[in-house]
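Engineer: Structure incoming, see below.
The values are calculated or read from the model by the stated rules, or taken from the named source; none is laboratory data. Please read these numbers as outputs of a predicted model, since none were measured by experiment. Quick reminder, even Gly has a Cβ in these numbers, built from the backbone with ideal geometry, and neighbours come from all protein chains shown. Accessible surface is based on the protein model in full, side chains and every heavy atom, while ligands, DNA and RNA are left aside. Shrake-Rupley method; radii C 1.70, N 1.55, O 1.52, S 1.80 Å.
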Amino acid sequence: MTILPVPGVQLATVESGIRYTHRLDLTLFAFDNTATTAAVFTRNQFVAAPVTIARKHLQAAIPRYLLINAGNANAGTGEAGLLAASQCCQKLADVFGCDTQHVLPFSTGVIGEQLPVDRIEKAIPKLKEQLSESVEAWHHAARGIMTTDTKPKLLSQTVQIDGNTVTFTGIAKGAGMICPNMATMLSFVATDAKIATPTLQSILARVTEKTFNRITIDGDTSTNDACVVVASGKNGAGIENNEAHLAQFEQALYDMMLSLAHLIVRDGEGATKFVSVVVDGGESDKTCLDVAYTIAHSPLVKTALYACDPNWGRILAAVGRAPIAALDVNKVSIWLNDICLIQNGQPHPDYTESKGQGALSPSDIDIKISLGRGEHSATIWTTDLS
């Protein structure tokens, strides 16, 4: 994967010793006030301090800086945590000569410990010195936001819009506590497109629902989740007020965010398999998602996937206990990859246990459920449980 710089977006990452020594753990994004920013946050009601401050600042001013620390979530820290997040924003504002509301703070790491503000404040001048649009800066940022991740998650892509090459580059982190209701996940995507904030926010909300909000590793929604998209406006592509160009932009952002979401699933804590759960034949998207998540969150299904145990009764039982009304079991069909297990509520006549075990051997597995009660479908992505 070739990583591309995004014109108008600078980054820097340094070691500040928040939790560990000799580890990149503090990242800064910087852009001018012509850029537009959209963000979505966790729906966990036990929200972390930086999320509270970021939401407040996002409503009050045009963001110019994103300050992200790893190693400490600053969650479950009460009023002291809110003060700590605000102090970090104020220090950055003092160094860069801007209003504190132009800074959005983000944190990831251990919950329940107070943020070491002094270490972050000491490192902020170093961030200013190292700001760069370089590819190397993106690589450092991808590593700087990691916690339990085993590898950095960094992608770039381009799309032709209105005769111009529009660039997207994004990073993400997450491996555990992943079940977004926006996961612990953070993602930051930058593009050089020019697009108004309300339009960008609407697009991000739609795209998030079908990407980061369709992955689950352990069923736990974090206190700190956030996904941010920054559009620097340095590209001359005519996007606003053109439905076709907006559709191209949205598709490109979807492709980027789905790929980042898949990288999170593949790096799931203890995961050995990447599992797609596809449910169709529902009367609504919600019906399909309810069935898919019931399967994905079943410890018995997940451990069977890990053991390559073709105990399809666990999948069948999960479908049967999904919170949907009036399930007609005689219309339900189930597949593992291309092997049909159940056809219209009955074991498929050609199914054998050896076929089922063979279907579970690959590292990528598709579970498909057909409900036979409508035209809607939905897909989520999950892991096994080792």
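Engineer: Starting from the Cα gyration tensor of the chain, multiply each eigenvalue by 5, take the square root, and state the resulting semi-axes largest first in whole Å.
Structural biologist: For the chain, the ellipsoid semi-axes come out as 40, 23, 18 Å.
Engineer: Compare the peptides 149-155, 326-332 by average per-residue count of other Cβ atoms within 10 angstrom and give them in order, highest first.
Structural biologist: Listed from highest to lowest mean packing, they are 149-155, 326-332.
Engineer: Considering only DSSP beta bridges whose two residues both sit in the chain, what percent are antiparallel, to the nearest 5?
Structural biologist: The answer is about 70 percent antiparallel.
Engineer: Within the stretch 29-129, list the chymotrypsin sites (Phe, Trp or Tyr not before Pro) lying in a DSSP loop whose Cβ has at most 13 other Cβ atoms in a 10 Å radius.
Structural biologist: Of the chymotrypsin sites (Phe, Trp or Tyr not before Pro), the ones in loops of the stretch 29-129 whose Cβ has at most 13 other Cβ atoms within 10 Å are 46.
Engineer: Using a probe radius of 1.4 Å on heavy atoms only, what accessible surface per residue do you get for the stretch 275-386? Whole Å² is fine.
Structural biologist: Accessible area per residue, the stretch 275-386: 46 Å².
Engineer: Report ³J(HN,Hα) in whole Hz for each residue of the stretch 277-293, in order, from the Karplus equation J = 6.51 cos²θ - 1.76 cosθ + 1.60 where θ = phi - 60°; Gly and Pro get x.
Structural biologist: 10, 10, 10, 10, x, x, 7, 7, 4, 4, 4, 5, 5, 4, 5, 4, 5
Engineer: Between residue 206 and residue 272, what's the calculated FRET efficiency when r is the beta-carbon distance and R0 is 41 Å? Round to 0.05.
Structural biologist: After rounding, the FRET efficiency stands at 0.80.
Engineer: Take the stretch 227-288, compute every pairwise Cα distance, and split them into 5 Å bins from 0; I just need the percent in each bin.
Structural biologist: With a bin width of 5 Å, the distribution comes to 3, 12, 14, 16, 16, 16, 10, 8, 4, 0.
Engineer: Using r as the Cβ-Cβ distance of residue 325 and residue 110, and R0 as 51 Å, what FRET efficiency do you calculate, to the nearest 0.05?
Structural biologist: 0.75
Engineer: Here's something else I'd like to know. Grab the Cα-Cα distance for residue 15 and residue 95, subtract it from 0.36 nm times how many residues apart they are, and report the gain in nm with one decimal.
Structural biologist: 27.0 nm
Engineer: Moving to a separate point now. With every protein chain left in place, what is the accessible area of residue 381 in Å² (1.4 Å probe, nearest 10)?
Structural biologist: Answer for residue 381: close to 30 Å² accessible.
Engineer: Still on this structure, I have one more. Applying the Karplus parametrisation 6.51 cos²θ - 1.76 cosθ + 1.60 with θ = phi - 60° to the phi angles of the stretch 18-31, what ³J(HN,Hα) value in whole Hz is obtained for each residue in order, glycine and proline being reported as x?
Structural biologist: 4, 10, 10, 8, 6, 9, 4, 8, 9, 10, 10, 9, 9, 7
Engineer: Moving on. Can you tell me the equivalent ellipsoid semi-axes for the stretch 38-103? Use √(5λ) from the Cα gyration tensor, largest first, whole Å.
Structural biologist: Semi-axes from the Cα gyration tensor: 19, 14, 10 Å.
Engineer: Tell me, what % of the accessible area of the chain is carbon and sulfur with a 1.4 angstrom probe?
Structural biologist: Looking at the chain in its full context, I get 49 percent from C and S.
Engineer: Can I ask one more? If the only charges are +1 at each Lys and Arg Cβ and -1 at each Asp and Glu Cβ, what is the size of the charge dipole of the stretch 328-386 around the Cα centre, to the nearest 20 debye?
Structural biologist: That gives a dipole near 160 debye.
Engineer: Give me the tail of P(r) for the stretch 38-171 as a percent: Cα-Cα pairs with distance above 24 Å.
Structural biologist: Distances greater than 24 Å cover 35 percent of the Cα pairs.
Engineer: Determine the relative contact order of the stretch 56-179: mean sequence separation of Cα pairs under 8 Å and six or more apart, normalised by residue count, in whole percent.
Structural biologist: Over the stretch 56-179, the number comes to 24 percent.
Engineer: Moving on. State, to one decimal in nm, how far the label point of residue 317 lies from the label point of residue 344, with both points 7 Å from Cα in the Cβ direction.
Structural biologist: 2.8 nm
Engineer: Of the GluC sites (Glu not before Pro) in the stretch 190-253, which ones lie in a loop per DSSP and count no more than 14 other C-beta atoms within 10 Å?
Structural biologist: Passing sites in the stretch 190-253 are 240.
Engineer: Here is a follow-up. State in Å² the accessible area per residue of the stretch 108-260; use a 1.4 Å probe, count heavy atoms of protein chains only, and round to the nearest integer.
Structural biologist: Accessible area per residue, the stretch 108-260: 37 Å².
Engineer: Also: Using alpha-carbon pairs under 8 Å, 6+ residues apart, how would you state the relative contact order of the stretch 293-386 in percent?
Structural biologist: 34 percent
Engineer: Please list 3J(HN,Hα) in residue order for the stretch 306-323, calculated via the Karplus relation 6.51 cos²θ - 1.76 cosθ + 1.60 where θ = phi - 60°; whole Hz, with x for glycine and proline.
Structural biologist: Once θ is set to phi - 60°, the couplings for the stretch 306-323 become 5, 7, 6, 9, x, 8, 5, x, 5, 5, 4, 5, 5, 4, x, 9, 4, x Hz.
Engineer: Over the stretch 1-102, what is the mean sequence separation of C-alpha contacts under 8 Å (at least six apart), divided by residue count, expressed as relative contact order in percent?
Structural biologist: Once divided by the residue count of the stretch 1-102, the mean separation gives 26 percent.
Engineer: So, R0 is 41 Å and r is the distance between the beta-carbons of residue 128 and residue 241; what FRET efficiency does that work out to, to 0.05?
Structural biologist: The pair residue 128/residue 241 has a calculated efficiency of 0.65.
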